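Here is the structure we will look at, set down as structure tokens.
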Amino acid sequence: MCFPLETSSIFCFHPCYLVTVHWTPAPVQDLLLVPLLVSEAGGAENQKPSRRGILRWLVTLFFCLPAEDHKESEPFPQPEEKTEEALASNLYSAPTSCQGRCYEAFDKHQQCHCNAHCQEFGNCCKDFESLCSDREGFSYSSDAITKEEIQSISEKIYRADTNKAQKEDIILNRQNCISPSETRDQVDHCPKPLFTYVNEKLFSKPTYAAFINLLNNYQRATGHGEHFSAQQLAEQDAFLREIMKTAVMKELYSFLHYQNRYSSEQEFVDDLKNMWFGLYSRGKEEGDSSGFEHVFSGEVKKGKVTGFHNWIRFYLQEKEGLVDYYSHILDGPWDSYPDVLAMQFTWDGYYKEVGSAFIGSSPEFEFALYSLCFIARPGKVCQLSLGGYPLAIRTYTWDNSTYGNGKKYIATAYIVSST
């Protein structure tokens with residue numbers, strides 16, 4: 001039952017929850033609809049936001065179910081990265097994108113269209129073919145990479161990671177596990193550091209050393225342009241050169257070469273450099289971010305930590321007293337490394353609500369899996385298999401700028417599920 005409260009509000013009553021809907025006219029570029037579904041168990045599931053018309057809907061749900069009956073449907077949601085990062089890259093709010101709009105009904109108010117007949121009328125959005133047709137990744141369905149092939153190559157990459165940490169190389173102190181509903185509380189439930197011990201001999205391995213050299217090449221605050229010295233550019237090349245010597249990256253290249261994605265290893269390396277290290281504008285200043293900086297080094301935007309999905313970076317910053325581990329909401333099923341942990345922490349005072357990361361993996365392992373998912377399933381969930389356990393990685397493309405022949409940069413990549 002719903003009652004109008006005023007010209008811009010409606011109050012609705014339901015035995016299990018109350019809903020207040022507010023609407024305000026808004027400019028086209030600011031519009032966002034965030035649908036919320038209520039499962040039979042009473043849990044709220046955030047769905048992909050999409051644009052609708054010229055109204056911005058803000059929906060607040062207040063549950064009256066007992067705490068023990070409230071179940072979260074996702075193992076660990078990524079609230080920050082499903083909202084702030086997605087919005088920042090205009091994945092869902094861009095008026096010229098089919099993201100979340102495939103085969104919707106015709107709407108004359110839209111700047112471009114994603115309905116079933118848009119190709120006949122020549123008014124499709126530019127990404128209709130890539131998002132709404134039967135294409136997967138960078139190729140047509142006749143040359144698509146299947147889910148089974150992705151799972152197979154991810155198992156090969158998992159077995160090939162001989163540079164990973166062994167059980168005795170890392171001792172974790174996970175301490176308190178909290179529920180997903182507590183992640184926004186910003187309460188430190190863990191008085192001790194996450195890492196009790198790390199065998200730093202790992203860091204003398206060529207790929208680790210080359211990776212660590214890259215971490216201090218960035219300004220973490222978005223809105224400040226990045227400017228690389230000749231040495232820093234050389235460090236990017238050195239990292240790519242070292243990881244391409246490993247069995248992990250050789251497996252990935254062989255697979256992508258077989259799939260007709262790259263004709264030579266040099267073409268593959270050049271593409272990796274562009275997609276990961278190419279600069280684009282996440283803030284107000286030109287060239288203030290890149291996929292590598294965001295995913296591996298971490299950034300701060302609007303007072304919150306974004307990205308920062310790497311255990312080596314976490315350990316080194318924690319060792320310096322800059323990272324304070326608060327809690328975790330998921331610990332992966334693996335009994336050896338690499339493992340997965342979804343955690344809460346502060347970075348020099350800035351809070352990270354949910355940060356998922358591999359633990360104990362080599363730099364080339366993470367780089368390979370994120371690259372695989374971005375190439376095979378850009379802007380989508382990518383289903384992997386590691387040691388017999390399923391794992392899903394989500395990537396986002398950066399749509400505001402391109403390189404080469406219209407190729408997209410990596411906006412972000414992170415683990416969304418390990419069950």
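So the values come out like this:
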item	result
Residue 408 - accessible surface, heavy atoms, 1.4 Å probe, Å² rounded to 10	60 Å²
Cα-based shape type of the range 186-310, given that a ≥ b ≥ c are square roots of the gyration tensor eigenvalues and the cut on a/c is 1.5	oblate
Most to least accessible of 109, 189 (protein chains only, probe 1.4 Å)	109, 189
Cα→Cβ-extended label distance, 7 Å offset, between residue 322 and residue 302, nm	2.4 nm
The range 147-415 - accessible surface per residue (Å², probe 1.4 Å)	39 Å²
Under the Karplus curve 6.51 cos²θ - 1.76 cosθ + 1.60, θ = phi - 60°, whole-Hz ³J(HN,Hα) for the range 272-282, x wherever Gly or Pro sits	4, 5, 5, 5, 9, 9, x, 8, 9, 9, 8
Per DSSP, loop trypsin sites (Lys or Arg not before Pro) in the range 249-306 with at most 15 further Cβ within 10 Å	284, 302
Simple label model, 7 Å out from Cα along Cβ direction - residue 336 to residue 189, nm	3.0 nm
Placed amide H near residue 127: partners under 5 Å, 5+ positions off or other chain	98
Percent carbon-and-sulfur accessible area, the range 147-415, ignoring ligands, DNA and RNA, probe 1.4 Å	46 percent
Where labels lie 7 Å past Cα in the beta-carbon direction, separation of residue 159 and residue 174 in nm	2.7 nm
Relative frequency of Cα-Cα separations exceeding 32 Å in the range 147-415, percent	18 percent
Vicinal HN-Hα couplings computed from phi for the range 209-224 (Karplus, 6.51 cos²θ - 1.76 cosθ + 1.60; Hz; Gly/Pro x)	4, 5, 5, 4, 4, 7, 5, 9, 9, 10, 8, 5, 6, 5, x, 10
Cα gyration tensor shape for the range 331-419, rounded if a/c is under 1.5, else prolate or oblate	oblate
Potential lengthening between residue 389 and residue 263 on full extension [0.36 nm per residue; Cα-Cα distance subtracted]	42.2 nm
Full-extension gain in nm, residue 107 to residue 149, via 0.36 nm per residue minus C-alpha separation	11.3 nm
Under Karplus coefficients 6.51, -1.76 and 1.60, residue-wise ³J(HN,Hα) of the range 251-265 in Hz, glycine/proline x	4, 5, 5, 4, 5, 5, 5, 4, 7, 6, 7, 9, 8, 8, 5
Modelled FRET efficiency - R0 35 Å, residue 167 with residue 216, Cβ distances, 0.05 increments	0.75
Relative frequency of Cα-Cα separations exceeding 15 Å in the range 305-375, percent	55 percent
For the range 352-419 and the range 275-316, distance of Cα centres in Å	14 Å
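The values are calculated or read from the model by the stated rules, or taken from the named source; none is laboratory data. Source: prediction; values computed, not measured. Heads up, the Cβs are rebuilt from the backbone with ideal geometry, glycines too, and the neighbour counts pull from every protein chain shown. SASA here: full protein model, heavy atoms, side chains in, ligands and nucleic acids out. Shrake-Rupley method; radii C 1.70, N 1.55, O 1.52, S 1.80 Å.
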